[in-house]
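In what follows, a single structure is set out as structure tokens and then discussed.
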Amino acid sequence: MEINLSNYYKQEINYWLEIKDIADNRATSRINKIKIDTTSPFVNVFNYSINKRKVKFYFNVTEENFDEIMYIDTMDRRPRDKNLCSNLKKGICESSESFKSGAHNLTIKILDKAGNSKEISVLFTIF
């Protein structure tokens, strides 16, 4: 089931689940309170620099429910998600990664705790 909660952005709501079977038996969950976040993280600044095999990434992100920044290199033999940052310091993430020689095609994902995300694509070659 999907529910559009955009009208409740930044509000707190209570929710619960009720399940009913064919015999009209019911079970109700406890009441949960959540704050609604329907917007993707905002990237104010993104830069990267290459020094030999090391790539330094710099992000300035606005997101009060920040979760993580991760990337996948689609040029890898076995592409998989790798973590760049798991927290921000005053909205800033600085991280360095080493890459093998050759072409790289990164998809960087900035995620918040509500599951919203912003993607950035980066192409570079290590010589």
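Tell me, which strands (runs of 3 or more DSSP E) lie completely within the range 55-127 with 2 or more residues that are closer than 19 Å to F42 by Cβ and within 10 Å of the chain's Cα centre (by Cα)? Reasoning before the result, please.
Values: elements: 66-73, 82-85, 92-98, 102-112, 117-126.
Per the criteria, 66-73, 102-112, 117-126.
Here the condition is being at pLDDT 95 or above, surrounded by fewer than 15 Cβ atoms within 10 Å (Cβ to Cβ) and of a type in the set (V, I, T); of I69, I19, it holds for I19 alone.
Among residues of the range 1-12 that are of a type in the set (A, V, I, L, M), those with a Cβ under 7 angstrom from a residue that is surrounded by 10 or more Cβ atoms within 10 Å (Cβ to Cβ) and not in a helix (DSSP H, G or I), sequence gap 6+ or separate chain, pair up as L5/I36; L5/T38.
Name every residue in the range 104-127 that is more than 19 Å from K56 (Cβ to Cβ), at pLDDT 95 or above and touching a strand residue (DSSP E or B) at 6+ places or on another chain (Cβ under 6 Å), in order of residue number. So that I can check it myself, show each step before the final result.
Within the range 104-127, the subset more than 19 Å from K56 (Cβ to Cβ) is 111-119.
Remaining after also requiring at pLDDT 95 or above: 111-112, 116-119.
L111, D112, S117, K118, E119 - these are the residues of the range 104-127 that are more than 19 Å from K56 (Cβ to Cβ), at pLDDT 95 or above and touching a strand residue (DSSP E or B) at 6+ places or on another chain (Cβ under 6 Å).
Could you list all residues from the range 36-59 that are closer than 17 Å to E119 by Cβ, at pLDDT 95 or above and out of contact with any Asp or Glu (no Cβ under 6 Å at 6 or more places or on another chain)? S40, F42, V43, N44, V45, F46, N47, Y48, F57, F59, listed by residue number.
Just a yes or no: is a residue in the range 74-86 touching a Gly at 6+ places or on another chain (Cβ under 9 Å) and farther than 20 Å from K118 by Cβ? There is at least one residue in the range 74-86 that is touching a Gly at 6+ places or on another chain (Cβ under 9 Å) and farther than 20 Å from K118 by Cβ.
Of these, K82, K109, K100, which one is within 30 Å of M1 (Cβ to Cβ) and touching a residue at least 12 places away in the same chain (Cβ under 8 Å)?
Details: K82 fails: within 30 Å of M1 (Cβ to Cβ); K100 fails: within 30 Å of M1 (Cβ to Cβ).
Going through K82, K109, K100 in turn, just one is within 30 Å of M1 (Cβ to Cβ) and touching a residue at least 12 places away in the same chain (Cβ under 8 Å): K109.
Figure legend. Inter-residue proximity from the range 21-44: first residues assigned to a strand (DSSP E or B), second residues among the aromatic types (F, W, Y) and surrounded by fewer than 14 Cβ atoms within 10 Å (Cβ to Cβ), beta-carbon distance below 9 Å, spacing 6+ or different chains. Indicated pairs: T28/W16; N32/Y15; N32/W16; K33/Y15; I34/Y15.
The values are calculated or read from the model by the stated rules, or taken from the named source; none is laboratory data. On a predicted model such as this, the values are computed, not experimentally measured, just so you know. Methodologically, a virtual Cβ is constructed for each residue, glycine included, from the backbone with ideal geometry; neighbour enumeration extends over all protein chains shown.
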